[in-house]
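Student: This structure is in structure tokens; I'll ask about it shortly.
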Amino acid sequence: MAVLSPTQPTHRRGDPGQRPTRRVGFSQRLGRWDVKVSPYLYISPFFILFAITGLFPLGYTAFVSLHEWNLLGGQGDFVGLENYSAVLAQPVFWKSLVNTFSIFVFSSVPQVILAITIAALLDQNLRAATFWRMGVLIPYVVAPVAVSMIFGRLFADDYGLINELLGLVGVDPVGWHSERIPSHIAIATMVNFRWTGYNALIFLAAMQAVPRELYEAAVIDGAGRARQFFSITVPQIRATIIFVVITSTIGGLQIFDEVRMYDTYGLGGPDKDWMTTVVYLYDVAWGNQKNFGRASAVAWLLFLLIVVIGLINFLITQRIATSGPKSPKVRRRHTRALLAEARSAAAAGDTPHPQARAAAGPPPPPTFPPTTSTDHREDRR
Amino acid sequence: MSSVAVTAQTAGRGAARAAAKRRNRGSRATRSAQRRPGWLTYTLLGITLLISIFPLYFTLLLGSSDPTTIAQNAVPQWLPDASLFQQFAEVISSTRINFWKALTNSVIIAVVTSAAVVLFSTLAGYSFAKLRFRGRGPLLVFVIATMAVPTQLGVIPMYILMSDLDWIGKLQAVIVPGLVTAFGVFWMTQYLSEALPYELIEAARVDGASMIRTFWSVALPAARPAAAMLGLFTFVQQWTNFFWPSIVLNSENPTLPLVVRSLQANFFTDYSLVMGGIFLVTLPLLVIFAFVGKQLVAGIMAGAVKG
Amino acid sequence: MTWLWERYHDGGGSATIPLSRMPDPDKGVTVLSSTRPTRRTRRVVAATAGVATLALALTACGGSDDGGEDTASGDEKITLTVATFNQFGYTDELLASYTEDHPNVTVKQVTAATSEDARNNLTTKLAAGGEGLADIEAIEVDWLPELMQYPDLFVDLTDPALDGRWVDWKVQQATTPEGQLLGYGTDIGPEAICYRADLFEKAGLPTDREKVAEFLGGEGASWDDYFEAGKKFVAKSDSAWFDGAVPTYQGMVNQLEGAYEDPSTGEPKDLKTNQDIKDLYDQVLTASVDDDLSAGLEQWGDDWTAGFQNNAWATMLCPPWMTASIEQNAGGVEGWDVADVFPGGGGNWGGSFLTVPASGENTDAAKELAAWLTSPEIQTKAYENANTFPSQLDAQASDAVQDSTNDFFNDAPVGPIFSARAQAIEGAPFKGKNYFAIHQAVQNALNRVDLNGDDPEKSWQGALDEYASLGL
């Protein structure tokens, strides 16, 4: 018997997802090639430009760090890791690391918390929303000379506004420039002032993408605002939280401008009390030593440190931002189990056994059909 | 319940859009009815705004004042006055600086770089977030890691490169290094990973859209708030960037920060003039803020894939 | 009980869609209709793309018009750029007058805002091989010790025809041990003492500037005289005598011929055994802290700026350019004046030079222009424009300088005062390549005591540690 099976199954109406599986036409091949190559094509403009403007300086700096290299004198001998060991032996380097870390903690932690709070406040149906939202970004655009003037007048030791106010209430003046921790706090304040609004808007943009139905459902369930925030908003914008934590870690460990404008010399004070590592790097390269090789070694050591701390922060944030007791895998398996139950129950004609349900986990929502698109869900960051 | 989809099929796309808007408005109404912000919110935001705006207001005050008063008082006056405009006029017409050239250059640089950064970052971010390809993970980590190397030293190799290309003194030297940023790619990756559901992409693919079509019709609109913010941030950054332009450009072909800085002399700075200049230069940014702020719209995707 | 909405997300940060899960035959249509970019979005995107293209095109067509240097010599038209900072006093008319005499040369000036910007600029470009530097680069005297290590980067400006134009020590400052002249001097900073006549009056001290000069020690004034006068002042006043230990110290150390290094060999002196420096250190700290003569303020800082308005101190070491700063910060304060006296006779603080980078294309023409710009006539004109005190002997003797007064400083005849102080300067201190590194260690030690209140001996030990870390 001749099997006159068609080479292609007939198109079934209402079944747009079906594709002919036998013959692979040219357009199919094109489509598959499209899928394979497109990702690389899309990232290539970035990487090509980046190779020139981002990678080249990186490689150059690495190359320089292995040589004795004076900024004006030019390239010297190859010295291997000697620059690195020389830097590690400098007490100023270690002092700058402690300063950097301290200023980082004072700046990044309050910043992220404040930014997400402000974003939550802004994520509401405000009157004149644009005004409120863009207003928080203004500190970012004020010129450094103006900012340093204002904060200088605030934080001056003898005639500064803050110390004057403290004097009015009978508190001793704070040594903003003569003591270590107050100087860190002052610098961190300047940094926070500049970047909090910026990060708040990043959070806000992410919060705008959270579907409003989730909040509506929560309100129906009687959830208060705080509960909504911690259980809906935070998990939904988890990827953005990670982004902000990482970028503010990277930025916070590289604080430079604020330290430079904190006093006249811009080198962290006579005791290097507030000198951060990038300022130390600048001093080694452009200062009295003009030691380009050593400065490059500092840059790469700092890079290692940032990577380590960035990773730590990433892991911490991932843990914190994942609220709720269930992980995706459990959820998927759970719902698949429920589906299977429901189908078999429908086939068998009776309701699912309460015990089986309890064993599988919390009961599914009674009014909504079980989700099927979990099957298509893929790994999300 | 008439779905937007059915409306689209029967009454056309325009009507579908109107239906979608009606639905969104509806949900916003319910949202607003339930979550109208109270006085606490406005108070907290008010304090935040006061702190944020004060420095800019302070530059206005300084610009309305004169050097003697500025030297004598922490706050020279409490309200700006008309002498501010005198300072503006002086800045614009000053023979010491090339104001109009600087303005033109700043606009060109800022517009070109922000457009490019948004486009390239969204493309790359979309790929990293939603497409699968070999090396995706390590490449992304690599991109993020490059942000961790301090850029102060990169000035010298970049300068060497620019002078080899003979771009010193020309705008390309500032524009080209700013066309792509690791920050932008990382940001769009994170944003798209959470704001762009796979269902949409699959639906488009299922409908036979090519990759680029999918990007154009699905990813770009979904990325709107984030793209707006990224564009704004890049614009501001380039507009206020001082250090790199001060090295590769000069007072013949300046940008606005260079020009404003020239108003400062070492030993006798006319702060009222300098602050007037600073405010003048910040003004265009405020205008752009107002425009971009409107792009922060909630619920673009909500209601998009409803039955 | 779990919340309803908790079931609608998988905790992985997805914007999940709740409600209907039934396969929707309209799904594809829905996507296209509500997420396709609206006409407005498309227009915006197109507009942006258009602007971007246009801008790129504009840029490519040359948004620049920098000092296009044609390789030239002789009669070809060339443009020379002069890079200055602050205010050198070179106006456009002044530079145009050069073209009248040399029709084939156009002179353009590029200015950096502050000397630090200019220095960063110069250093970066030198480090990159010299590209992009102006034909003439102005430098400050403090940059010389470092730049003199690389004399090849600059053209030798030695010219016997210009002998005797400048004060000897000015030329000496820019001459390498091998005899190469790196720069032509422009201005100098001869120091006098600026004082607050009104605070003196309140303390019962003389106020007239000649009498004040006598009070501070007159022609043979020493630092001890200055400090003794200070003690008399602070006994009767709330204000301090001078602003800080460091600015006072720098006046003292600039009078030593070889402060930190041996002038003949350039070798650094071990700070541990450098008795001269230790003596100065002790002397200035005794005066500052023990005798309470110092206001304890860091120069150019916010407290220092505010200090002018708060009568924080009554005298300070004053080169001509400092008068501008005082005038700005002490706006509204009446009573500043200048006395023709200086402890130790004379001292110089600051000063600039014009150099010609060797990487330029028209170095001969540039050398000629530099010589013209630093001629007494031109420097006098610059002085009239910007109060930069000339280093040229003829310029100092000119009427313009000798007749100049400063109305903020009680119409003091600043011209004659500063020229007299300039005459009293004996020579320039030797500053080798390690000068500033060692100097900074001592400065930090002084600041730790003066500003932060540390113990002087402990702070000195810190300076020794810092010196040791230099590895000299």
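Student: Which of the listed residues, B:Ser251, B:Leu196, B:Thr282, is farthest toward the dipole's positive end in segment B:81-301, when Lys, Arg count +1 and Asp, Glu count -1 at the beta-carbon?
Tutor: Positive-end residue among those listed: B:Leu196.
Student: Another question, if that's okay. Once you average over the residues of B:58-64, how many Cβ atoms of partner chains fall within 10 Å of each Cβ? Mind showing how you got there, number by number?
Tutor: Working: counts 6, 7, 0, 0, 3, 0, 0.
Going residue by residue through B:58-64 and averaging, the value is 2.
Student: Nearest 100 Å² is fine: what is the total accessible surface buried where chains A and C meet, probe 1.4 Å?
Tutor: Working: alone 25110 and 23950 Å², together 44170 Å².
Buried surface at the A/C interface: approximately 4900 Å².
Student: Still on this structure, please answer the following. Just tell me how shielded A:144-153 is by partners: mean number of partner chain Cβ atoms within 10 Å of each residue's Cβ, no decimals.
Tutor: Numbers: counts 5, 13, 11, 3, 1, 10, 6, 2, 5, 7.
Mean partner shielding for this stretch: 6.
Student: Take the residue pairs C:Lys170/C:Lys367; C:Lys108/C:Lys431; C:Lys77/C:Lys108 and return only those whose Cα atoms are more than 21 Å apart. Intermediate values should be presented prior to the final figure.
Tutor: On the way: C:Lys170/C:Lys367 18 Å; C:Lys108/C:Lys431 33 Å; C:Lys77/C:Lys108 13 Å.
Pairs exceeding the cut-off: C:Lys108/C:Lys431.
Student: What is segment B:82-204's relative contact order, in percent, from Cα pairs under 8 angstrom and six or more apart in sequence?
Tutor: Values: 74 pairs, mean separation 53.2, N = 123.
Value for segment B:82-204: 43 percent.
Student: Same structure, new question: Using Cα-Cα distances under 8 Å and only pairs 6 or more residues apart, what relative contact order does segment C:128-225 have, in percent?
Tutor: Numbers: 45 pairs, mean separation 18.3, N = 98.
Normalised by residue count, the contact order of segment C:128-225 is 19 percent.
Student: May I pose another question? Note down the relative contact order for segment B:81-301 as a percent, whole number, built from C-alpha pairs under 8 angstrom at least six residues apart.
Tutor: Details: 222 pairs, mean separation 77.4, N = 221.
Result for segment B:81-301 is 35 percent.
Student: Here is a follow-up. Give, ordered by residue number, each residue of segment C:281-323 whose 1.4 Å probe accessible area is reduced by a minimum of 30 Å² on adding the remaining protein chains to the chain alone.
Tutor: C:Glu298, C:Trp300, C:Asp302, C:Asp303, C:Gln309, C:Asn310, C:Trp321
Student: Quantify how strongly other chains surround peptide B:122-128 by giving the mean number of their Cβ atoms within 10 Å of each of its Cβ atoms. Don't jump to the answer; show the numbers that get you there.
Tutor: Details: counts 1, 8, 8, 3, 4, 8, 5.
So the per-residue partner count for this stretch is 5.
Student: Might you report the magnitude of the Cβ-based charge dipole of segment A:135-250 about its Cα centre, with Lys and Arg at +1 and Asp and Glu at -1, to the nearest 20 debye? Intermediate results must be reported in sequence, preceding the final value.
Tutor: On the way: 7 positive and 8 negative charges, 79 e Å.
With only Lys, Arg, Asp and Glu charged at Cβ, the dipole is about 380 debye.
Student: For segment C:182-295, what is the number of Lys pairs with C-alpha distance below 20 angstrom, counting only pairs 8 or more positions apart or on separate chains? Could you put the intermediate results ahead of the total?
Tutor: Details: C:Lys202/C:Lys211; C:Lys202/C:Lys231; C:Lys202/C:Lys232; C:Lys202/C:Lys236; C:Lys211/C:Lys231; C:Lys211/C:Lys232; C:Lys211/C:Lys236; C:Lys269/C:Lys278.
Lysine pair count for segment C:182-295: 8.
Student: By average Cβ neighbour count within 10 Å, what is the ranking of C:96-105, C:260-269, A:102-111 from highest down?
Tutor: Put in order of decreasing packing, that is A:102-111, C:260-269, C:96-105.
Student: Give the aspartates and glutamates whose C-alpha is closer than 12 Å to that of A:Lys95, dropping any in the same chain fewer than 8 places away, or say none.
Tutor: Qualifying aspartates and glutamates at Cα under 12 Å: A:Asp271, A:Asp273.
Student: Give me the percent of the accessible area of segment B:81-301 that comes from carbon and sulfur atoms, probe 1.4 Å, all protein chains in place. Could you put the intermediate results ahead of the total?
Tutor: On the way: 4520 of 6970 Å².
Carbon and sulfur: 65 percent of the exposed surface of segment B:81-301.
Student: Just to verify a number: what accessible area does B:Phe215 come out at with the full protein assembly present, 1.4 Å probe, Å² rounded to tens?
Tutor: Ignoring ligands and nucleic acids, B:Phe215 comes out at about 0 Å².
Student: Further, regarding this structure: Show which aspartates and glutamates lie in cross-link reach of B:Lys130 when reach means a straight Cα distance below 13 angstrom and same-chain residues fewer than eight apart are skipped.
Tutor: A:Glu378, A:Asp379, B:Glu194, B:Glu199, B:Glu202
Student: With just the Cα atoms defining each centre, how far is segment C:304-362 from segment B:116-130? Give it in Å.
Tutor: Here the answer is 54 Å between Cα centres.
Student: Arranged from highest to lowest average of other beta-carbon atoms within 10 Å per residue, in what order do the peptides B:71-78, C:179-186, A:128-135 appear? Mind showing how you got there, number by number?
Tutor: Working: B:71-78: 15.0, C:179-186: 22.4, A:128-135: 18.5.
For the peptides B:71-78, C:179-186, A:128-135, the packing ranking is C:179-186, A:128-135, B:71-78.
Student: Checking an interface number: how much accessible area is buried between B and C, summed over both chains, with a 1.4 Å probe, in Å² rounded to 100?
Tutor: 5400
The values are calculated or read from the model by the stated rules, or taken from the named source; none is laboratory data. Values in this document were obtained by computation on a predicted structure and should not be read as measured data. Glycine gets a Cβ as well: all are built from the backbone with ideal geometry, and neighbour counts include every protein chain shown. Note: areas computed on protein heavy atoms with side chains; ligands, DNA, RNA excluded. Shrake-Rupley method; radii C 1.70, N 1.55, O 1.52, S 1.80 Å.
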